[in-house]
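What follows is calculated from the coordinates using simple rules that are stated; it is not laboratory data. Predicted model, so just to flag it, every value in this text is computed and none were measured. Virtual Cβ from ideal backbone geometry, glycine too; neighbours counted across all protein chains shown.
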Amino acid sequence: MSEHPQTALLQALDRHDDLAIAVSGGVDSMTLAYLTHRFGRHPVRMVHAVSPAVPPAATARVERHAALHGWRLDVVGAGEFDDPSYRANPANRCYFCKTNLYGRIRGLTSGTIASGANLDDLSDYRPGLIAATEHRVVHPYVEAGIAKVGVRALAARHGLDDLAELPAQPCLASRVETGIAIDAGDLAFVDLVERELAALLPKGATLRCRITHAGAVVELDGAGAGGGAVAATHAAGLAQAHGRTFLGVRPYRRGSAFLR
């Protein structure tokens, strides 16, 4: 990668002398936090929100990097579970999630809030971006013209290999079919299944545990010939232990829990 993408990103960041970055624990926001802290002209604070929809591993990753790199980090409650509109899980659930998130961050700072949204996010249905607009959140990657592949390249360039190789990991609530009320127990079950199956499947396999109106299902891509059988056997055992109906394994389909 040439120097230009990083230069353009830092130019976008340096326009704000008081910046707070919403850090989820994924490659986008984590890399943004790292680059801003290391190369930005102005002090920056990182804000990580915890909730049942955020995998504990993501929180641990944020805290580990904050300690390693010396970030100023605030960990707050996301607050979305107090919002009945969010818990109802409508098609625009992400709008209510981000509204609560940015409201919590605004309570900490009067400065500019930045997200890790990249160019690829603009091509998807992202109601959370509406909430971002309403809260005047800036998107430095978008401003700099950087897509997901560029974010991963930046992470790799700076030796952030644990971030560069992170699989896409949307919030746990994205696994729940539209119209099923968001429940902390469902999200904990999803996290359990995905963590245990990830340890059994080839590195790089795409894995989702979905909560559907009919029961739980596992979606897989890149797990190899025997991966489906391994996943089916283990997930069936977990479902039985937790009193859940297991529907089996099917091919991964992005956003399949989203019903409009």
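Here are the numbers for this structure:
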| read-out | value |
| --- | --- |
| ³J(HN,Hα) computed for each position of segment 224-233 - Karplus, 6.51 cos²θ - 1.76 cosθ + 1.60, integer Hz, glycine/proline x | x, 4, x, x, x, 5, 4, 5, 5, 5 |
| Simple label model, 7 Å out from Cα along Cβ direction - Thr109 to Val50, nm | 2.0 nm |
| Projected-area average for segment 4-164 over all orientations - Cα convex hull basis, square nanometres | 8.7 nm² |
| Computed FRET value (nearest 0.05) for Val230 with Asp161, which takes r as the C-beta separation and R₀ as 22 Å | 0.25 |
| Spin-label model distance (nm) - Phe39 vs Asp120, 7 Å beyond Cα toward Cβ | 2.0 nm |
| Considering only the chain, percent of DSSP beta bridges that pair antiparallel, nearest 5 | 25 percent |
| Whole-Hz couplings from phi, Karplus 6.51/-1.76/1.60, listed for segment 245-256; x for Gly and Pro | 7, 10, 9, x, 10, 9, x, 5, 9, 4, x, 5 |
| Coarse-grained scattering of segment 87-163 at q = 0.19, 0.26, 0.27 Å⁻¹, given as base-10 log I(q)/I(0) from a Debye sum over alpha-carbon atoms | -0.89, -1.14, -1.17 |
| Order of Tyr252, Tyr125, Tyr102 under a 10 Å beta carbon neighbour criterion, fewest first | Tyr125, Tyr252, Tyr102 |
| Proxy reagent accessibility, fewest Cβ within 10 Å first, across Lys148, Lys98, Lys203 | Lys203, Lys148, Lys98 |
| Where a label projected 7 Å from the Cα of Arg136 along Cα→Cβ would reach, residues of segment 68-103 with amide N under 20 Å | 98-103 |
| Hydrodynamic radius of segment 133-199 per Kirkwood, over alpha carbon pairs, in Å | 14.9 Å |
| Range of Cα positions in segment 172-251 per principal axis (Å), largest first | 34, 23, 18 |
| Difference of contour (0.36 nm per residue) and Cα-Cα distance, Ile180 to Ser85 | 33.0 nm |
